[in-house]
Structures are given as structure tokens and as C-alpha cells.
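Heads up, the thing below is written out as C-alpha cells.
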Amino acid sequence: MTAELHALKTAYEEEQMTPEEISEARGLDITAVKSGLMQCSTKFRRDCGKEGEDQSNLNFSVDEQERIKRALFDLAMSTDDENLRFKALVYCRDDAKGRKDVVKTMQGSNVNILMINERMKQVRQITDGLKREMMIEV
């Protein structure tokens, strides 16, 4: 997580600032702030309805995870169906690497909010220029 994303997350989650307040305080576009918060803040995603409530009681314990992994691996190695073996082994590897974890994937997308903010400024400048040109022609 970049320093800017960490600052956004801290402002939203710990300092209880709204995205609008963060935008004003940090001199960022509101779209950039919301995009950054969507990327790094579970609380913001929950508040927006993009992430469900905590369902940790539905997760497996470490022991259960090990038994499931072992059973899946045993199934993969004991089957005569090469296609099933391949799919089960790929699933085991991907799960072990964290590729099946949606939150990690979202956080790893590395959207640069400073770049978004700069692009929004450029769009506003172009829009303002076009508005001025249209007013001169009228």
C-alpha cells in the first residue's frame, strides 16, 4: 500500500473524515479519494455496500484448511482422470498462492490515486478551455 493510500485509509477509518473532507484536506479530486478508499479500506467498501458484513464465523479454522487441502490433493493424485487431476492441482496451487483471495487481488491492483487526480485536473482544464471558447464564439 502506498503512503497516499495509507493516509486516505487512516483519515477515513481512524479520523472519521468523510471522502469530501479528505478531498479538501489533501487537495485531491473526490473521485480519486473514493477510488483510493475503495481499493484500500474495507470499512469504506462496507459503507458503500460493496462488501458484505464480517463473515469470519463462516471461515475454516487452520486445522480444517489443512485437512481440506490434504483431501483435495489426495483426490488429485488418486484420480485416473487427467483433466480432474490437472484442475485440482492447479486449484491447490492457486489457493496456496492466494490467487483465489478476492480482497488481496483488489488491493494488488495498484491504482495510483495521484495519477487519477492529475488526470481529473487535466480534464477540468480542457473542459474549462472549451467552455471559454464556446462563450467567445457566442
Next on the checklist: Of everything in region 44-68, what is surrounded by 14 or more Cβ atoms within 10 Å (Cβ to Cβ) and at pLDDT 85 or above? Give them in sequence order.
Outcome noted: 44, 45
Checklist outcome for this item: The residue that is surrounded by the most Cβ atoms within 10 Å (Cβ to Cβ), considering only those in region 16-42 that are at pLDDT 90 or above and over 17 Å from residue 112 (Cα atoms), is 17
Checklist entry - Just for region 1-15: of the residues that are in a helix (DSSP H, G or I) and touching a residue at least 24 places away in the same chain (Cβ under 8 Å), which one is surrounded by the fewest Cβ atoms within 10 Å (Cβ to Cβ)? => result 6
Next on the checklist: Given the condition in a helix (DSSP H, G or I), at pLDDT 85 or above, among the basic types (Lys, Arg) and out of contact with any strand residue (DSSP E or B) (no Cβ under 8 Å at 6 or more places or on another chain), answer yes or no: does some residue in region 72-92 qualify?
Outcome noted: yes
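The values are calculated or read from the model by the stated rules, or taken from the named source; none is laboratory data. This one's a predicted model, so the numbers in the text were calculated from it and none came from an experiment. Methodologically, a virtual Cβ is constructed for each residue, glycine included, from the backbone with ideal geometry; neighbour enumeration extends over all protein chains shown.
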